[in-house]
Amino acid sequence: MNLANSTTQTFTFDQGSYDFMGRTNISNFSDQGNSINYPNGPSETIVLLECAETENKLQVYSLSEPDKIVLAFYSKDACLKQIEVNGRSFGSTLLIIFFSFVVFYLVLGICTKKFLMGATGVEVIPNLAFWSDLPNLVKDGWRFMCNGFKLPPRGAGPAVSPDPNSYDSI
């Protein structure tokens, strides 16, 4: 479809007749924000945004100038709305509490191991064995989940139970 810069061009779409009045990619809002201007070569279409509590309605406002069509769009979406700032969300509050406990745990654990137990270097990290093994534990957990929550097949050795996924095999 060729969209030439002419307001006299008419298009048919879904059994309706439509006039080309401007391109949305070069449209702009007025400085007051109460209208949208659609330039179309020598002509221009202006859509006035009017606050209304009724259904959306578009009416011709003015056709006094042939190169300037003014339409009025009545909608509840054109009304000014107060933007509410709710503050911090529940999830961000939980994250703040969690990381506060992590920092408290690390500071208290490092101080305890350094000053009460005399540890130096990497040994001051509380529960160092757990933190060193954590990546392997996460990997094992992912493998267990991807395996359908079934235990991996047993290696060499006698089987205690015929079913490796039974409670007795744990």
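The values are calculated or read from the model by the stated rules, or taken from the named source; none is laboratory data. As the structure is a prediction and not an experimental result, all values here were calculated from the model. Counting neighbours? That spans all protein chains shown, and the Cβs are built from the backbone with ideal geometry, glycine included.
Observations on the structure shown:
- Within segment 17-56, the set of residues being part of a strand (DSSP E or B), among the charged types (D, E, K, R) and either over 32 Å from the mean Cα position of the chain (by Cα) or at pLDDT below 85 (or both) comprises ASP19, GLU44.
- Checked across segment 80-96, the condition of being in contact with a strand residue (DSSP E or B) (Cβ under 8 Å, 6 or more places away or on another chain), surrounded by 10 or more Cβ atoms within 10 Å (Cβ to Cβ), modelled with pLDDT under 90 and closer than 30 Å to VAL47 by Cα holds for no residue.
- Residue in segment 60-67 that is farther than 21 Å from SER27 by Cα and in the same structural domain as GLY22 (by TED's automatic domain parsing) present: yes
- So GLY148, is it on the phi > 0 side of the Ramachandran plot, modelled with pLDDT of 75 or more and within 43 Å of the chain's Cα centre (by Cα): yes
- Residue that is farthest from PHE101 (Cα to Cα) [pool: residues in segment 111-146 that are of a type in the set (Val, Ile, Thr) and not in a helix (DSSP H, G or I)]: THR120
- Condition met for VAL70 (β-branched (Val, Ile, Thr) and either in contact with a Phe, Trp or Tyr (Cβ under 7 Å, 6 or more places away or on another chain) or at positive phi (or both)): yes
- Filter result for the condition that a residue is modelled with pLDDT of 90 or more and touching a helix residue (DSSP H, G or I) at 6+ places or on another chain (Cβ under 7 Å), over LEU128, LEU116: LEU128
- Cβ pairs under 7 Å, 6+ apart, first in segment 63-74 and closer than 14 Å to LEU49 by Cα, second among the charged types (D, E, K, R): ALA72/GLU50; PHE73/GLU50; TYR74/GLU50; TYR74/LYS57
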